[in-house]
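Peer 1: Before anything else, here's the structure in question.
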Amino acid sequence: MAHVTTGERKSIFSLFNFIALIVLGVGIYLTYLRFAGGLGAVTNLSDYNPWGIWISFDLLCGVALAAGGYVTSSAVYLFGMKKYHSAVRPAILTGFLGYALVFLAINYDVGRPWRLPYPLVVQQGTTSVLFEVGLCVATYLTVLFIEFSPAAMEWLGLKRARNLVVKLTILLTIFGVVLSTMHQSSLGALFLIVPSKLHPLWYSSYIPIYFFVTSIVAGLSMVIFESTLSHRFFAHKMDETHLKEANGVTLGFGKAASYVLAGYFAIKVLGISSGNLWHYLKTGYGTWYLVELLGFVALPSLLYAIGVRVKSLTLIKWTSVLAVLGVILNRFNVCLIAFNWHLPASERYFPHWMEIGISVFIVMIGLILYRFIVTRMPILYEHSDYKDAH
Amino acid sequence: MSISRRKFLGWVGAAGLSTTIGKSASAATNKHFAGYPDSFAILHDTTLCVGCRSCEAACNKVNDLPPPDRPFTDLSVLETRRRTTTKAFTVVNKYDNPKKSGHPVFYKKQCNHCLEPACASACFVRAFKKTKTGAVVYDPSVCVGCRYCMIACPFEIPTYEYDQALTPRIRKCTMCHPRVIEGQLPGCVEACPMEALSFGKREDMIKIARERFRKYPDRYVNHIYGENEMGGTSWLYVSGAPFKALGMREDLGIKPAPELTAGALSSVPIIVGLWPVLLAGIYAVSKRKEKFAQTDQEEAVASALDKDRSEQSQPEEES
Amino acid sequence: MDPIFYTLQDFMTYTEGVTYLLVIATLAGMTVFWWFLTGKDKD
Ligand code: SF4
Ligand code: SF4
Ligand code: SF4
């Protein structure tokens with residue numbers, strides 16, 4: 001692992017600060033345009049294409065990539081894999097930030113964000129899958145906040161409250177898994193209502209299960225990917241346990257991701273068979289489907305497996321990038337590329353640069369918050385007052 | 001007390017409890033739902049339609065819509081394929097007749113007022129409601145603007161005011177619900193000079209359509225579009241050309257939209273009921289294993305210590 | 001006094017509404033019952 005020296009780190013961070021400043025400046029301006037002029041002012045959305053990248057990337061990918069929280073905490077606290085303990089806090093933190101940013105992004109996307117509580121308090125559209133997604137995401141965001149809070153409380157020195165919350169760990173973890181199972185799969189179930197608009201290769205009655213299983217892949221891969229990044233930039237913040245356990249986390253999570261991907265590959269193929277969709281594979285969309293299935297599911301599964309067998313951390317780390325891209329590609333395919341496939345090209349959607357700008361802006365806010373928190377709170381190390389308190 | 005009761009009623013859906021209390025008890029089973037009895041429908045006979053756009057003009061007027069880009073008397077717009085917009089709740093399109101070239105067919109497009117609306121099923125604030133007149137009406141006072149209804153509608157009808165910053169609404173045909181409850185005809189039906197549009201009880205409209213099939217078997221394709229599509233709609237169409245030639249989808253199936261998501265929704269209680277049991281079980285097992293491992297380790301340490309001690313003591317005895 | 005429904009949509013709005021209430025109650029109930037079940041356990 002190439003550790004960055006102090007001097008280098010300074011220059012990297014000042015470059016980061018510079019870019020961050022530009023992104024924030026542009027983002028604030030775009031925010032003004034969005035709320036002063038409506039969605040039409042900054043997006044390419046249309047009556048045929050009501051959902052763009054703020055849903056496909058910020059919501060669908062955001063929630064999937066933030067799955068590391070429930071995956072890691074359940075592995076450690078429920079399945080008893082204590083050797084991954086040091087991975088829990090960073091995973092919970094990114095999960096919490098991820099969901100918070102999803103919530104932020106939703107405020108840009110919906111027409112009247114101040115009415116977001118309406119489905120809960122004014123009139124409940126209980127037949128809507130979106131109702132369930134909203135309910136679960138809101139609850140889970142709260143759960144993640146509580147799960148994250150001990151780190152903040154240790155930083156602030158709130159010993160009593162911190163110990164109280166830590167007592168709830170198991171309960172919160174179980175809640176997290178229940179809620180995640182529901183809304184990760186429900187994000188896929190959102191598309192069950194559109195058999196006539198989504199290409200048959202992607203439309204499947206299994207789609208909720210596909211979304212749930214890929215969220216596990218995304219969670220595992222993101223933990224590996226993030227730990228690679230934080231080793232590069234925040235190694236000085238890590239304590240010995242974290243550094244010692246990190247390779248084990250990479251190997252173990254790589255192994256798990258490989259097998260989950262293998263299972264996912266299997267159910268995808270079974271899905272084609274049960275829908276009798278073989279003949280679609282010969283079409284253009286079929287080729288694209290195979291690219292996704294072979295290049296972004298089968299390949300990462302295999303590469304992870306090789307990486308685990310030969311104990312190549314580098315290979316596993318690069319594979320995690322491929323796996324994460326695979327999940328992103330899948331969400332884009334379902335929500336944008338294979339959606340409205342029956343329409344002529346002139347009616348299809350391509351994001352406006354300002355939509356991308358807002359998405360980048362939101363990711364940047366996440367990076368800044370992450371940096372702010374890990375450089376201050378006991379995330380990558382254990383607070384000296386609370387050693388072996390878990 | 002009364003407040004919490006009202007809240008509860010809100011939760012379980014005003015549709016269910018407050019409006020329809022009383023009457024038979026056996027209705028609340030998972031059987032076939034036939035829709036509101038005596039609800040209205042509109043039959044569009046495309047063989048009578050001449051593409052005059054009078055219906056579009058009338059629609060614009062009764063709904064107080066902004067003036068159109070091109071006047072309603074300009075028939076050249078029929079050449080391009082148009083869809084519903086925030087400014088036009090209905091559009092008439094012209095299609096080549098594959099059976100008789102030189103005799104184009106016209107098809108008037110607007111919300112089909114489904115018997116089991118996908119838009120209503122998808123809306124998480126219940127902004128859409130199927131009324132007993134047959135109209136599917138929208139309530140902008142609760143709409144959040146998530147646009148899931150637009151995703152869900154298989155006929156691609158709802159439109160959205162993308163240019164509104166603070167009060168964007170979904171816009172679509174109301175089947176002239178406000179006029180109908182006052183005993184008036186929908187604007188388009190009233191305006192049609194060719195009687196291509198008929199308004200009445202849905203059952204009667206289906207009967208009329210069948211009657212026309214019987215009388216003029218050569219003029220029609222023997223299918224009423226909307227009788228069963230997506231569980232049936234309150235707009236019905238008959239045509240001389242295959243419906244596909246009119247840009248209408250024939251692959252929608254007859255399954256009503258709420259059924260498409262019913263399975264996924266019903267997995268929620270299963271997850272909530274069983275997951276905690278499963279996870280708590282896994283937790284218990286892993287904790288037990290850990291405990292055993294700990295005792296094992298303690299025993300191992302203890303016996304090692306014993307051995308150590310006895311080994312140490314032996315030489316002492318010898319000496 | 002069971003309500004009468006004309007559409008599947010209304011029926012599901014009602015039944016799902018009740019289900020959601022029960023689901024919330026279930027989550028709370030399972031938690032409390034777990035505490036009751038294991039409350040006397042050592043450690
Ligand atoms: S046609 Fe579309 S908008 Fe109209 S009732 Fe049916 S689902 Fe709703
Ligand atoms: S845009 Fe409005 S009406 Fe449509 S689903 Fe969302 S809240 Fe309901
Ligand atoms: S007014 Fe009647 S004849 Fe004229 S376009 Fe409309 S439906 Fe056709």
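Peer 1: Taking the beta-carbon count within 10 Å as an exposure proxy, list B:MET175, B:MET194, B:MET150 from fewest neighbours to most.
Peer 2: Values: B:MET175 28, B:MET194 15, B:MET150 23.
Least crowded to most crowded, the residues run B:MET194, B:MET150, B:MET175.
Peer 1: If you average over every viewing direction, what projected area does the convex hull of the Cα atoms of segment A:16-377 give, in nm²?
Peer 2: On the way: hull surface 76.8 nm².
Taking the Cα atoms of segment A:16-377, their convex hull projects to 19.2 nm² on average.
Peer 1: Next up: So, in nm, how far is label A:VAL122 from label A:SER312 when the simple model puts each one 7 Å beyond its Cα toward the Cβ?
Peer 2: For the pair A:VAL122/A:SER312, the computed spacing is 5.7 nm.
Peer 1: Given a Förster distance of 51 angstrom, what is the FRET efficiency for A:THR241 paired with A:LEU290, based on the Cβ-Cβ distance and rounded to 0.05?
Peer 2: Values: r = 44 Å, r/R0 = 0.86.
Approximately 0.70, to the nearest 0.05.
Peer 1: Looking at the protein assembly as shown, send over the antiparallel percent of its DSSP beta bridges, to the nearest 5. Present the calculation step by step, with values, prior to reporting the outcome.
Peer 2: Working: 18 of 22 bridges.
That works out to approximately 80 percent antiparallel.
Peer 1: While we're looking at this one, here's another question. Pick from B:GLU182, B:GLU56, B:GLU211 the residue whose mean-square fluctuation is largest in a GNM of chain B, springs joining Cα atoms under 10 Å.
Peer 2: Result for chain B, Cα springs under 10 Å: B:GLU182 fluctuates most.
Peer 1: Could you pull out every whole DSSP H run in chain A that spans at least 30 Å of Cα extent along its own axis and averages 0.0 or higher on the Kyte-Doolittle scale? Please report the intermediate quantities before stating the final value.
Peer 2: Values: long enough: A:6-37 (45 Å, 1.03); A:88-109 (31 Å, 1.20); A:129-156 (39 Å, 1.49); A:207-234 (38 Å, 1.31); A:240-274 (51 Å, 0.50); A:353-374 (31 Å, 2.04).
Taking the DSSP H segments of chain A (at least 30 Å long, mean hydropathy at least 0.0), we get A:6-37, A:88-109, A:129-156, A:207-234, A:240-274, A:353-374.
Peer 1: Between the alpha-carbon centers of segment B:210-277 and segment B:34-56, tell me the distance in whole angstrom.
Peer 2: 17
Peer 1: In addition: Looking at the protein assembly as shown, I'd like the Rg to Rh ratio, where Rg is from alpha-carbon atoms and Rh is Kirkwood's inverse mean 1/r. Could you put the intermediate results ahead of the total?
Peer 2: Numbers: Rg = 30.1 Å, Rh = 28.9 Å.
Radius of gyration over Kirkwood radius for the protein assembly as shown works out to 1.04.
Peer 1: Can I ask one more? Quick check: Cα centre of segment A:307-364 to Cα centre of segment A:53-127, how many Å?
Peer 2: Taking the Cα centre of each part, segment A:307-364 and segment A:53-127 sit 18 Å apart.
Peer 1: For chain C, go through all pairs of different Cα atoms, get the mean of 1/r, take its inverse, and jot down that Kirkwood value in Å.
Peer 2: Values: mean 1/r = 0.0776 Å⁻¹.
After inverting the pairwise mean of 1/r, the radius is 12.9 Å.
Peer 1: Over the residues of chain B, compute the C-alpha Rg and express it relative to 2.2 N^0.38 Å. Write out the running numbers ahead of the final one.
Peer 2: On the way: Rg = 32.0 Å, N = 319, 2.2 N^0.38 = 19.7 Å.
Cα-based Rg divided by the globular estimate yields 1.63.
Peer 1: To test your reading of the geometry: what angle, between 0 and 90 degrees and rounded to tens, separates the Cα axis of helix B:2-12 from the longest principal axis of chain B?
Peer 2: With both axes taken from Cα atoms, the answer is about 80 degrees.
Peer 1: Of the options B:PRO71, B:PRO168, B:ALA135, report the single residue whose Cα projects farthest towards the positive end of the charge dipole of chain B (beta-carbon charges: Lys, Arg +1; Asp, Glu -1).
Peer 2: B:PRO71
Peer 1: A:LEU299 versus A:LEU171, label points 7 Å from Cα toward the beta carbon: distance in nm?
Peer 2: Taking the two extended label points, one gets 4.7 nm.
Peer 1: Using only Cα atoms and rounding to the nearest 10 degrees, what angle (0 to 90) does helix B:202-215 make with the longest principal axis of chain B?
Peer 2: 60
Peer 1: For A:TRP353 and B:ALA165, what does the FRET efficiency come to when R0 = 25 Å and r is the distance between their Cβ atoms, rounded to the nearest 0.05? Mind showing how you got there, number by number?
Peer 2: Details: r = 20 Å, r/R0 = 0.81.
After rounding, the FRET efficiency stands at 0.80.
Peer 1: Right, something else. If r is the Cβ-Cβ distance from A:VAL321 to A:LEU158 and R0 is 60 Å, what FRET efficiency results, to the nearest 0.05? Let's see the in-between values first.
Peer 2: On the way: r = 38 Å, r/R0 = 0.63.
Once the sixth-power term is evaluated, E becomes 0.95.
Peer 1: Here is a further query. Choose one answer from B:CYS146, B:CYS188, B:CYS176: the residue with the largest mean-square fluctuation in a GNM of chain B with alpha-carbon springs under 10 Å.
Peer 2: Per the Cα network of chain B with a 10 Å cutoff, B:CYS146 tops the list.
Peer 1: Go through B:165-174, B:125-134 and give me the packing order, highest mean Cβ count within 10 Å leading. Provide the component values of the computation, followed by the final result.
Peer 2: Values: B:165-174: 19.9, B:125-134: 21.8.
So the peptides B:165-174, B:125-134, ranked by packing, come out B:125-134, B:165-174.
Peer 1: Also, I was wondering about something else. Quick one: which residues, 5+ away or cross-chain, put their amide H under 5 Å from the amide H of B:CYS114? H built at 1.01 Å from N.
Peer 2: Result for B:CYS114 returns B:SER234.
Peer 1: List A:TRP341, A:TRP353 from most exposed to least, where exposure is judged by having the fewest other Cβ atoms within 10 Å.
Peer 2: Working: A:TRP341 15, A:TRP353 9.
The order, fewest Cβ neighbours first, is A:TRP353, A:TRP341.
Peer 1: Work out the charge dipole of segment A:16-377 with +1 on the Cβ of Lys and Arg and -1 on the Cβ of Asp and Glu about the Cα centre, then indicate which of A:LEU299, A:LEU116, A:LEU315 is farthest towards its positive end.
Peer 2: Checked the options; the winner is A:LEU315.
Peer 1: Rank B:ALA280, B:ALA257, B:ALA191 by mean-square fluctuation in a GNM of chain B with C-alpha springs under 10 angstrom and give only the top-ranked residue.
Peer 2: Most flexible of the set in this elastic network: B:ALA280.
Peer 1: Okay, moving on. With each pseudo-label sitting 7 Å past Cα toward Cβ, what's the C:TRP34-B:LYS215 distance in nm, one decimal?
Peer 2: For the pair C:TRP34/B:LYS215, the computed spacing is 7.0 nm.
Peer 1: Defining a contact as two alpha carbons under 8 Å apart and six or more residues distant in sequence, what relative contact order in percent does segment B:46-159 show? Walk me through the numbers before you get to the answer.
Peer 2: Working: 163 pairs, mean separation 23.9, N = 114.
Relative CO of segment B:46-159 lands at 21 percent.
Peer 1: Going by how many other beta carbons lie within 10 Å of each one, how would you line up B:TYR283, B:TYR220, fewest first? Show your work: numbers first, answer last.
Peer 2: Details: B:TYR283 18, B:TYR220 21.
Ascending number of Cβ neighbours within 10 Å: B:TYR283, B:TYR220.
Peer 1: Quick check: residue separation of A:ASN107 and A:THR142 times 0.36 nm, minus the Cα distance between them. What number comes out in nm? Can you show the working numbers first?
Peer 2: Details: separation 35, 0.36 × 35 = 12.60 nm, distance 1.73 nm.
The A:ASN107-A:THR142 span can extend by a further 10.9 nm.
Peer 1: Which of the three applies to segment A:279-390, rounded, prolate or oblate, going by the alpha-carbon gyration tensor with a ≥ b ≥ c and a/c under 1.5 meaning rounded? Spell out each step's value before the answer.
Peer 2: Working: a/c = 3.74, a/b = 1.50, b/c = 2.49.
Oblate.
Bear in mind that the values in this text are calculations on the coordinates, not laboratory data. For clarity, every value in this text was computed on a predicted model and none was experimentally measured. Positions of Cβ are generated from backbone atoms using ideal geometry, with glycine treated the same way; all protein chains shown enter the neighbour counts.
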